[in-house]
1. So what is log10(I(q)/I(0)) for region 4-230 at q = 0.14, 0.15 1/Å, when the Debye sum runs over its Cα atoms only?
2. Among P404, P371, P316, which one shows the biggest mean-square fluctuation in a GNM of the chain, springs joining Cα atoms closer than 10 Å?
3. Could you please rank S112, S163, placing first whichever residue has the fewest other Cβ atoms within 10 Å of its Cβ?
4. Limiting things to C-alpha atoms, what are the Rg and the maximum Cα-Cα separation (Dmax) for region 95-215, in angstroms?
5. Tell me which residues come under 5 Å, amide H to amide H, from K272 once H is placed; ignore anything under 5 positions away on its chain.
6. Residue by residue through region 269-274, which ³J(HN,Hα) values in whole Hz follow from phi under the Karplus form 6.51 cos²θ - 1.76 cosθ + 1.60 (θ = phi - 60°), with glycine and proline marked x?
7. Got a sec? How would H339, H372, H165 order by Cβ neighbour count within 10 Å, fewest to most?
8. Please arrange C419, C166, C104, C147 by counting, for each residue, the other beta carbons lying within 10 Å of its beta carbon, fewest first.
Amino acid sequence: MVNTQQKLKKYLEEIKKNDQKGNKINAFLQLNPNAKDEAKKIDSKRNKGKLAGYIIGVKSAINVKGLNASCASKTLENYKAPYDATIIKKIKDEDGLIIGMNNCDEFCLGGSGETSAYGPTKNPKNLRLISGGSSSGSAASVSANFCDMSLGSDTGGSIRNPSSHCGVVGVKPTYGSVSRYGLIDVSMSLDQIGPITKNVNEAALLLSVISGKDENDSITRDSEKLNLREIEKIPKNIIVGVLEFKIKDQRIQKLIDDKIKKVADKYGWKIKKLEMEFLDLAVEIYYPLVYVEFFSGTRRFDGRRYGRRIEEVAGPEVLRRILGGSEITRSEYHGRYYHKSLKAKKLIEEEFENIFKKVDCIITPTIPRLPHKIGEKISVKDMYDYDALTIPSNLAGNCAISIPSGEINGIPVGMQIICDKFKEQKMLQIARSIEKLDI
């Protein structure tokens, strides 16, 4: 049986050594001051839960009672969560130990981890590079061995993006499969909370704990419970869909193509080329939705009930989206962009539904480019294009996972596996089968 106290001690020593200010990773904004007492309590139990012995980091946009849910912003710098999010309660009920609150892009807006008010999260694989975002600290803390697993939130790739760059496993569950009660949201029509872990089996374990219907989140629904033993089975007669969507960095494309061929040859899976008519529109559809919904959500940050007025202290990316959302929602534009984006979102959802009648999964690179250097100036368009291959799954509401697929010049590259709604069991089986190729 794992001794939680001993494990916690090792992680805290590693964090003290490699996550402090200066030339360090900056994955945590706050550590849980009660962690040692909570670990002792877990170890004293006779009947322990499914997560006993697991040490878990939490993105700072998720409420953990008594800890700072700051969203890595000066706006909520002193906001101490008064309650546990539903998923945090579920984790604690299964004896998982929350070690602390992870850094992230400010209000979860960004694809690099650089927009945090408390400094960028560095990539544990190369400290000069971005870790990816917005769940930057969540992925970096797992990659750097500061914790066993972590929680992130994913609006358009914010779990899968940093998981790819940091060489870990990240899952965006089906929309509605995991409660968002207690999440400080970006876009409630797109957001999902999910696990970031060191391997597929641990992702399945954490997902099995946090999934399920919640009366506090009206869009949640019960889905088929994950059978963790079945994750190890190699599925037969799998048809892998490969999109005819070429990316600029052909090294990434070749690495993913070679891995797909290898797994197909190994297990006898078939490969089917696919075209998506509306894939090129995904980024253009996504941002009007996010701008409007984020702007609407920020109206509560007026400095009266809690925190400070967001427009007075937030960084440029947050202000850009507030301004964009404000402009789109002005009366003379009513219905012109937001509602058209919702209609286009439905087209992508229907296109995925038709594709999954022909294939079991779609495999793509997670990110179409390698991470840039921290502080390097790149255009807003190039930054937004980081999520070109992850955004479609959020628009359609499908489940998707990023798993490590190799390296280019020592930099991790992730493979994304997308499956139909509520097909997490199949997705995790496929991901685990591919993961086994490298063991």
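Values in this text are rule-based calculations from the coordinates and carry no lab data. This structure is a prediction, so every number in the text was calculated from the model and none was measured. Glycine gets a Cβ as well: all are built from the backbone with ideal geometry, and neighbour counts include every protein chain shown.
1. -0.77, -0.89
2. Result for the chain, Cα springs under 10 Å: P316 fluctuates most.
3. Numbers: S112 27, S163 39.
In order of increasing Cβ crowding within 10 Å: S112, S163.
4. Values for region 95-215 (Cα only, Rg and Dmax): 13.2, 44 Å.
5. V240, G241, V242
6. Going residue by residue, I get 7, 9, 10, 10, 6, 10 Hz, with x marking Gly and Pro.
7. Working: H339 12, H372 17, H165 34.
Fewest-to-most Cβ neighbours within 10 Å comes out as H339, H372, H165.
8. Numbers: C419 26, C166 32, C104 35, C147 29.
Lowest count first: C419, C147, C166, C104.
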